[in-house]
1. Name the pairs whose Cβ atoms lie under 8 Å apart, with the first residue in region 53-81 and of a type outside the set (K, R), the second open to solvent by less than 100 Å² (accessible area, probe 1.4 Å) and outside any helix (DSSP H, G or I), and 6 or more positions between them or separate chains?
2. Tell me, which helices (runs of 4 or more DSSP H) wholly within region 25-109 include 2 or more residues that are under 18 Å from the mean Cα position of the chain (by Cα) and at pLDDT 90 or above?
3. List pairs: first in region 1-24 and modelled with pLDDT of 80 or more, second assigned to a helix (DSSP H, G or I), Cβ under 9 Å, 6+ apart or cross-chain?
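The values are calculated or read from the model by the stated rules, or taken from the named source; none is laboratory data. Owing to the predicted nature of the structure, the values given are computational and were not obtained by experimental measurement. No Cβ is skipped: glycine too gets one built from the backbone with ideal geometry, and neighbour counts run over all protein chains shown. Side chains are part of the model used for accessible areas, which takes the heavy atoms of the whole protein and leaves out ligands, DNA and RNA. Shrake-Rupley method; radii C 1.70, N 1.55, O 1.52, S 1.80 Å.
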Amino acid sequence: MQLLLNHPLLAYKMERFDRLLAEHYLVCFEDRIKLFILKNPEERYLDLLQYGKDVLERMPQHYIAKYIGITPVSLSRIRRRIFSLPMQNKYAFNCIMIHQSISYLLLTE
C-alpha cells in the first residue's frame, strides 16, 4: 500500500479527486446558505417538492421540516396552504399535480 501512495501519478490523481470533491461540497453548501437567505420556508418547500419529490416520499415530515429550517407544525401549515389553494400561483398548482401523482402511484402499488 505504501508503494502505491508514493507513486507520483497516483498522488496527483488523488489530490485532484479530493480537490474536486471539496469544491463540489462547497458549492452545495453555498447553495443551501443562499436558499436560507433569499427564500422563505414556503419557497424552500416548493423547491424541495419540485426537485426532491422522490426524497419526500421516503422521509418523515419532521425531517423535512428540519431540513427546511422550520418546525413540523409550520410545515403542516405550509402544506395545508399550498394544497388547499391550487390556483394561487403556478408553483402551488405544480405541487398539487405532483402530490396527486404520488398518491396515485402509492395507491396503485
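1. Short answer, once both residue conditions are applied: A65/T71; I78/I70.
2. Working: elements: 41-51, 53-58, 61-68, 72-84, 90-108.
In region 25-109, 41-51, 61-68, 72-84 are the helices (runs of 4 or more DSSP H) which contain 2 or more residues that are under 18 Å from the mean Cα position of the chain (by Cα) and at pLDDT 90 or above.
3. L10/L4; A11/L5; M14/L5
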